[in-house]
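See below for the structure under consideration.
Every read-out reported here was derived from the displayed coordinates using simple, explicitly stated rules and does not represent laboratory data. Since the structure is predicted, the reported quantities are computational estimates derived from the model, not experimental observations. We place every Cβ from the backbone using ideal geometry, glycine too, and count neighbours over all the protein chains shown.
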Amino acid sequence: MGQTLMQRLAALGKLSDSPDGLTRLFLSPAHAQATAMVTEWMEDAGLSVHMDAVGNVVGRSGVPRPVLLLGSHIDTVRDAGMYDGNFGVAAAVEAMRRLRAAGETLPFGVEVIAFGDEEGVRFAHTLSGSKAVAGIFEAAALESVDANGMRMGDALAAFGGNPAGIAAMARQKQDVLGYVELHIEQGPVLEARNLGVGVVTAINGASRFSVTITGSAGHAGTVPMGMRLDALSAASEMVLAVETIGCSAPGLVATVGSLNVHPGAPNSVPGRVVFSVDVRAPEDFIRHEAAAKIRRAFEEIAARRKISMMMQQGHDAPATPCAPWLQTQLAAAVEAQGVSALYLPSGAGHDAMAMAALCPVGMLFVRCEGGISHTPEENISEADAELAVDVLIEFLRKFKAE
């Protein structure tokens, strides 16, 4: 039965704004095609379908309210894989289709939402679709422009959305039971444990910093080693400190992902280095403590080497815990399939982060090959896809609101 789901994902994966690979951006022609395709899937599952003011596709079944929300996103990064986001939408629709085919009705309403903009690639505002549903959409995002100078508000109106109606579409807390999202893991943990699915405990909070190290540039042949103020040597020591601190607590990760050396010549002592630091953890106090340790380590290295160090914070997002009662029910549904329930955090961001402002959230991860994501090599197996749908159906059959 997983064959139908995989065929649908393959078909959706062909809808691209680029002739080479998969790139499907918010409010683009390919997004319009994806909206039409997902609408057909939802109607096939017996759902009542509409597109909301911000361009999300919403399929509804059951009693009017309160409702359990399911979903994920159908936009992609550039040169993407076909499962990130798309799987959660297709799997939720497939679960509802199978329940209908079996003649089963649920004692609560269900809405499946295909969010139009999670990645934020086109307009540099992430989670627009889920923020609008959760009531935390930033109106200023409508003024942002894409690479061609198109305003988001104008693009949304041309797409058939209603920029002026976004505030009114926000759901009320009393009308929503919770939000559950199926998503590929985008990491290697499930594969290493030989498990097809896992229950997410939290979406890691993230802090990002830009670090500038200033020493003194000089001639590589004439400045004695003992007299150098080598910014790159200092930065190298700092990079290793980030790695060490990142290994110091469960769930904590710390990364230096970019590094620029100036003047960058083979015969020059580096006088300035600018690099990034990304710190993530499922609990905010762990992340904040790690960031403080990193700053202290940098200050000690800079003082000892007699160079200057400036560390500026940019992005900062709090951790999003998944509701314990949803974790418990998802774990029970996993175990009902004869699979051990592994609990693990998410190191990547998801629509559930925004939805947590509205209601309790839960997530189920699906194993992805090699832990690879955001590339065309992204892959999942039909067996794991089928397992995830079976887990979701079991979860829906036994679901009890807190």
(message) Can you compute the label reach from SER48? Point 7 Å from Cα along the Cβ direction, backbone N cut-off under 20 Å, restricted to the stretch 144-181.
(response) 168-178
(request) Starting from one equal scatterer on each C-alpha and no solvent at all, send me the Debye-based log10 I(q)/I(0) for the stretch 1-120 at q = 0.09, 0.16, 0.18, 0.23 Å⁻¹, two decimals. (result) -0.23, -0.69, -0.86, -1.31
(request) Once you have all Cα-Cα distances for the stretch 205-317, histogram them in 5 Å bins from zero and send the whole-percent values. (result) 2, 13, 23, 21, 16, 11, 7, 4, 2, 0
(message) Suppose each label sits 7 Å from its Cα in the direction of the beta carbon; what would the TYR343-ARG78 distance come out to in nanometres?
(response) 4.0 nm
(message) 5 Å is the cut-off here: which amide hydrogens, built 1.01 Å from N in the peptide plane, fall below it relative to ALA202, excluding neighbours closer than 5 in sequence?
(response) CYS322, SER346
(message) Quick check for you: which residues of the stretch 207-229 have the amide N under 16 Å from the point 7 Å beyond the Cα of SER268 toward its beta carbon?
(response) 213-223, 229
(message) Quick check: residue separation of GLN313 and ALA11 times 0.36 nm, minus the Cα distance between them. What number comes out in nm?
(response) 104.6 nm
(message) Can you compute the FRET efficiency between GLU237 and ALA192 using 1/(1 + (r/R0)^6), with r the Cβ-Cβ distance and R0 = 35 Å? Round to the nearest 0.05.
(response) 0.70
(message) If packing is taken as the average count of other Cβ atoms within 10 Å, what order do 92-99, 10-17, 148-155 fall into, highest mean first?
(response) 92-99, 10-17, 148-155
(message) Principal axis extents for the stretch 271-402, Cα atoms only, whole Å, descending order, please.
(response) 64, 37, 24
(request) Could you bin all the Cα-Cα distances of the chain into 10 Å bins starting at 0 and give me the percent of pairs in each, rounded to whole numbers? (result) 5, 21, 28, 23, 13, 7, 3, 0, 0
(request) Could you sort 269-278, 78-87 so that the peptide with the highest average Cβ count within 10 Å comes first and the rest follow in order? (result) 78-87, 269-278
(request) Output ³J(HN,Hα) for the stretch 330-342: one whole-Hz value per residue in order, computed from phi by the Karplus curve 6.51 cos²θ - 1.76 cosθ + 1.60 with θ = phi - 60°, and x for Gly and Pro. (result) 5, 4, 5, 5, 5, 5, 5, 8, x, 10, 5, 8, 9
(message) Under 5 Å between amide hydrogens, which residues at least 5 positions from VAL180 or on another chain qualify, with H placed 1.01 Å from N in the peptide plane?
(response) LEU69, LEU70, GLY71, GLY362
(message) If packing is taken as the average count of other Cβ atoms within 10 Å, what order do 118-130, 292-304 fall into, highest mean first?
(response) 118-130, 292-304
(message) Rounded to two decimals, what is the ratio between the C-alpha radius of gyration of the stretch 108-190 and 2.2 N^0.38 Å?
(response) 1.26
